[in-house]
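Take a look at the structure below.
Just so it is clear, none of the values below were taken in a lab; they were calculated from the coordinates. Small disclaimer: the values here were computed from a predicted structure and weren't measured. Cβ atoms come from the backbone with ideal geometry, glycine included; neighbour counts cover every protein chain shown.
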Amino acid sequence: MRNFIIFGPPGAGKGTQAQRIADALDLKHLSTGALLREEVSRQTNIGQRVQDLMAKGELVDDNIVDEIIKNKVENSGQVAGFIFDGYPRTISQANYLDVLLAAKALPLILNLEVSAEELSKRLILRGQTTGRADDNQETIKNRLIIYQQQTQPLLDFYASQKRLISVDGQGEIEEVYRRLSDQIK
Ligand code: ADP
């Protein structure tokens with residue numbers, strides 16, 4: 001089994017690249033953002049609990065996302081591996097995931113590096129085209145700050161364990177994909 005975490009700030013292109021890697025390596029793509037948005041649109045108990053936090057760009061409680069991921073990992077049958085997208089976002093989630101996968105294969109981290117200026121541009125554009133509720137100027141600012149405070153520290157955690165691969169996330173989608181696939185062949 002091979003497992004990966006696609007990592008990077010909001011707007012780095014995680015979803016796009018994760019989908020390509022999943023197709024190429026026959027991995028199951030698990031996006032906590034997409035799974036949470038589905039809970040919100042179905043107005044489940046979880047959906048009702050998380051919708052205000054998501055709209056503000058705050059993180060949802062660790063135990064909610066941990067539980068969602070655990071259920072998906074345990075109920076996916078035989079798969080070649082997973083690519084996690086938007087998870088983990090805190091040290092506590094990272095530890096949870098390592099325990100969950102310890103008997104399988106610890107994930108490698110594929111980190112997309114994109115400048116702050118480019119991120120804001122991409123997110124504002126995405127808000128105009130997809131209409132995602134959290135892609136507005138105020139929330140984008142908050143998500144970038146939360147990323148820096150709570151999620152970026154995971155890079156040191158993974159680097160110290162030699163599980164971190166960073167690539168330039170700027171340029172054409174195809175070009176970024178080539179950089180990533182060169183690293184994981
Ligand atoms: P982006 O990477 O563009 O911020 P996502 O789709 O990954 O978008 O996440 C959207 C929102 O869902 C986040 O701002 C947060 O509120 C919530 N969320 C997603 N994944 C997690 C997670 N692992 N832990 C806590 N909250 C999460």
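Measure up K121/K141; K28/K104; K28/K121; K14/K162 against 18 Å on the Cα-Cα distance and list the ones that go over. The partial results should precede the final answer.
Details: K121/K141 12 Å; K28/K104 14 Å; K28/K121 29 Å; K14/K162 21 Å.
Where the Cα-Cα span goes over 18 Å, the pairs concerned are K28/K121; K14/K162.
For the stretch 1-80, what does the alpha-carbon gyration tensor say about shape, rounded, prolate or oblate, given a ≥ b ≥ c as the root eigenvalues, a/c under 1.5 as rounded, and a/b over b/c as prolate? Note, shape of the stretch 1-80 comes out oblate. The label point for K162 and the one for R2, both projected 7 Å from the Cα toward the Cβ, are 1.9 nm apart.
Can you compute the helix-only [θ] at 222 nm over the chain? Use -39500 (n - 2.57) per DSSP H run of at least 4 residues, normalise by all residues, nearest 500 deg cm²/dmol.
Values: 9 runs with 103 residues, N = 185.
Rounded to the nearest 500, it is -17000 deg cm²/dmol.
Measuring nothing but how far apart in sequence close Cα pairs (under 8 Å, 6+ apart) lie, relative to its length, the stretch 2-184 scores a relative contact order of 33 percent. Here Q150 and N71 are evaluated by their C-beta separation; at R0 = 25 Å the FRET efficiency comes out at 0.60.
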